[in-house]
1. Can you give the helix-only mean residue ellipticity at 222 nm for the protein assembly as shown, where every DSSP H stretch with n ≥ 4 adds -39500 (n - 2.57) and the sum goes over all residues, rounded to the nearest 500 deg cm²/dmol?
2. Taking 7 Å along the Cα-to-C-beta vector as the label spot, tell me the residue A:187-residue A:218 distance in nanometres, rounded to one decimal.
3. Based on alpha-carbon positions alone, could you give the equivalent ellipsoid semi-axes of chain A from the gyration tensor, as √(5λ), descending, whole Å?
4. Please identify the DSSP H helices in chain A that span no less than 24 Å along the helix axis (Cα) and have a mean Kyte-Doolittle hydropathy of 0.5 or more.
5. If I compute solvent accessible area with a 1.4 Å probe over the protein chains, what percent of it on region B:129-227 is carbon and sulfur?
6. For the pairing of chain A with chain B, what total accessible surface becomes buried, with a 1.4 angstrom probe, in square angstrom to the nearest 100?
7. For residue B:28 and residue B:144, FRET efficiency with R0 = 45 Å and r from the beta-carbon atoms, rounded to 0.05?
8. When the accessible area of region A:5-126 is computed with all protein chains present and a 1.4 Å probe, what percentage of it is carbon and sulfur?
There are 2 protein chains.
Amino acid sequence: MTGTFYGLGVGPGDPELITLKAWRIISHAPVIAYPAANGNDSLARRIAAPFLPEDVIEVAIPVPMRREREPAQEAYDAAAQAIAEHLDQGRDVAFLCEGDPLFYGSFAYLLTRLAKDYVTQIVPGVTSITACAAAIGRPLAAHNDILKVLPGTLDASRLKQEITQSDAIAIMKVGQHFDKIRTVLNELGLGERAVIIEKATRDDEKITPLCDVPEGERPYFSTILIYKGGEAW
Amino acid sequence: MTGTFYGLGVGPGDPELITLKAWRIISHAPVIAYPAANGNDSLARRIAAPFLPEDVIEVAIPVPMRREREPAQEAYDAAAQAIAEHLDQGRDVAFLCEGDPLFYGSFAYLLTRLAKDYVTQIVPGVTSITACAAAIGRPLAAHNDILKVLPGTLDASRLKQEITQSDAIAIMKVGQHFDKIRTVLNELGLGERAVIIEKATRDDEKITPLCDVPEGERPYFSTILIYKGGEAW
């Protein structure tokens, strides 16, 4: 009997935002795997840390962060191989995913490689975008809203078009694109209707209205939520 | 001391997809409230049922389902009043929300009415769209995708435009709009790249590729996910 491959969403940061199902599976996992970008420690592992069995076997996956579409294929090939070896030995492997396994993130690359040959179970998790909405206490989307999740990598004209034709917007992967995004939002008159959330639900969560970000400062690793309705910030 | 008003996401249907945090709060809640559309029983309450204290006080909110933008203001006024009375007596009230409290749904209307006067805490939950993606084992969004969540209420030309200019699409509130949506997807050549998920993560979950839905049949209360990349259904 080969093991089961689990893709577990562990939520946005607060360990209490893990689901009962993911908690149950993590608590009994013989093997966990997780992405460790650029050799740094893993946020997904830190979130699950309070619930890991003492004798759990760990597979850290050193995913290089790259800008190209080509998503570090060799790293995922090697990771899939390492996971497959445990599955072949009959050990279940729980792959820990920040947020939700299928909402951006690297799990998709392992799913492609392993789901054909191994029993796979996916446990959805709380995403960063609804956690950000909760952090600022405003609806992400309501009623018949169009909601768009946009990557900060889009060029300015496309960003402008998509934001204009939408009721609710979350911009992810802000990073080095912050200046461009701020310019677009100010040009659209939405500078006072945007808020930047860093590390939502974590102890060091930080919430900043866009208009309060000093010129030159660029918040990295953050999500921007834009509200067209309701009160301005 | 007045009580705390909690907005708790209870996830898409499987009670095990409640977060540890929502579970903890529900387990000790003196009062729960929940929407009961058109006098029907409440999905949110059913999801939380295994964890409710025996002596919990219940406030069912009979939200009329209407198509107008005007979201049954009187019903929410009355609900806010009923909740406020408990809060004034020092009893915490946990409002149970299917999915996530701020991702569509009725919690926003109570937040507007109560957050100014009462301490409010929002606990994000697993949304139906990532649960649907998990049900079919395909990424909802990956890498630098644009993800759009579209209401089925949009007219055909707008639906067509938004779907064309997107990488990943979830269509919610399908209901009576199914025929229009199917026509649009077939015209765009995406009929074989769409799948309908009903009651994701529940015991009676149902997954149907769009092209397998018989002519004339209209799946209600469902979400449609569209995949432009990857293998067709």
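1. When only DSSP H runs of four or more count, the value is -8000 deg cm²/dmol.
2. 1.8 nm
3. 35, 18, 16
4. Length and hydropathy pass: none found.
5. 47 percent
6. Summed over both sides, the interface buries about 4500 Å².
7. So, using R0 = 45 Å, E works out to roughly 0.60.
8. Looking at region A:5-126 in its full context, I get 48 percent from C and S.
The values are calculated or read from the model by the stated rules, or taken from the named source; none is laboratory data. Here the structure is a predicted model, which is why all the values come from computation and not from measurement. We place every Cβ from the backbone using ideal geometry, glycine too, and count neighbours over all the protein chains shown. Each accessible area value is taken on the protein alone, full model and side chains, heavy atoms only, with ligands, DNA and RNA left out. Shrake-Rupley method; radii C 1.70, N 1.55, O 1.52, S 1.80 Å.
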